[in-house]
1. How much of the accessible area of the chain, probe 1.4 Å, is carbon plus sulfur, in whole percent?
2. Accessible area per residue of the chain at 1.4 Å probe, in Å²?
3. Which of the three applies to the range 43-127, rounded, prolate or oblate, going by the alpha-carbon gyration tensor with a ≥ b ≥ c and a/c under 1.5 meaning rounded?
4. Relative contact order for the range 45-96: what is it in percent, counting Cα pairs under 8 Å that are at least 6 residues apart?
5. If you take every DSSP beta bridge fully contained in the range 1-91, what fraction is antiparallel? Give it as a percent rounded to 5.
6. Give the aspartates and glutamates reachable from residue 73 as a straight Cα distance under 13 Å; neighbours fewer than 8 places away on the same chain don't count.
7. Looking at this model, which pairs from 23/151; 36/158; 75/151; 16/152; 16/158; 23/158 are more than 20 angstrom apart at the alpha-carbon?
8. Add -39500 (n - 2.57) for each DSSP H run of 4 or more in the chain, then divide by its residues: what number comes out at 222 nm, to the nearest 500 deg cm²/dmol?
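The values are calculated or read from the model by the stated rules, or taken from the named source; none is laboratory data. Please read these numbers as outputs of a predicted model, since none were measured by experiment. Positions of Cβ are backbone-derived with ideal geometry, glycine not excepted, and every protein chain shown enters the neighbour counts. Side chains are part of the model used for accessible areas, which takes the heavy atoms of the whole protein and leaves out ligands, DNA and RNA. Shrake-Rupley method; radii C 1.70, N 1.55, O 1.52, S 1.80 Å.
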Amino acid sequence: MIYSFNTKKTSQAADKIAQEFGKGIEKLNAESISEKEFQSFKNLILGVPTWFDGELPNYWDELVPALEEINLKGKNVAVFGNGNQKGYPENFVDGIGLMARLLESRGARVVGFTTVNGYEFESSQAVRGDQFTGLALDFENQASQVNKKIKKWVEQLKKEFKTK
Ligand SMILES: Cc1cc2nc3c(=O)[nH]c(=O)nc-3n(C[C@H](O)[C@H](O)[C@H](O)COP(=O)(O)O)c2cc1C
């Protein structure tokens with residue numbers, strides 16, 4: 001699981017995800033991971049909050065250009081992302097969508113899609129049909145739902161990571 005160790009809420013979510021997974025999950029810092037390390041995993045979970053009206057935060061400034069160059073064929077990747085649907089209803093969890101598209105363009109199989117039901121926002125680059133291309137977490141407005149959503153998502157990933 002890769003995310004920036006400098007984040008607050010993303011790190012909290014990552015800890016909960018790791019707890020749910022139990023054994024066999026490793027936490028790596030997006031700010032210092034090497035391309036070789038990244039490539040050494042078949043199943044990956046990436047955590048990206050959305051900042052600056054629909055952009056990825058600067059902790060990803062080094063990894064994103066590296067990802068744009070590498071071949072991710074054969075990898076299963078799931079994306080979770082923090083956002084604020086009331087504060088930023090036009091760009092809710094855009095980062096999930098940006099990251100999912102980038103990964104797909106490099107050949108990865110993106111898994112862990114979840115329903116948009118139960119959220120209220122205007123637009124999001126993370127929406128495809130009636131799903132988000134990952135897990136959308138909103139600590140600001142739906143904190144009480146976070147644990148349950150993570151639990152369900154991890155169960156889903158355990159199955160989806162196995163299928164290919
Ligand atoms: C400057 C700034 C811009 C933000 N822009 C967005 C946005 O465009 N879309 C969104 O869903 N959330 C946005 N947010 C909300 C954050 O994604 C949310 O607070 C998230 O939980 C932060 O996670 P972190 O503590 O891991 O950085 C923004 C927050 C800040 C501080």
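1. Details: 3930 of 8440 Å².
Solvent-exposed carbon and sulfur of the chain make up 47 percent of the total.
2. Details: 8440 Å² over 164 residues.
Result: 51 Å² of accessible area for each residue.
3. Working: a/c = 2.50, a/b = 1.51, b/c = 1.65.
Verdict is oblate for the range 43-127.
4. On the way: 61 pairs, mean separation 28.8, N = 52.
So the answer I get is 55 percent.
5. On the way: 1 of 9 bridges.
So the antiparallel bridges in the range 1-91 amount to around 10 percent.
6. 104
7. Details: 23/151 15 Å; 36/158 24 Å; 75/151 23 Å; 16/152 12 Å; 16/158 15 Å; 23/158 12 Å.
Checking Cα-Cα distances, 36/158; 75/151 exceed 20 Å.
8. Values: 5 runs with 52 residues, N = 164.
Calculated at 222 nm, the ellipticity per residue is -9500 deg cm²/dmol.
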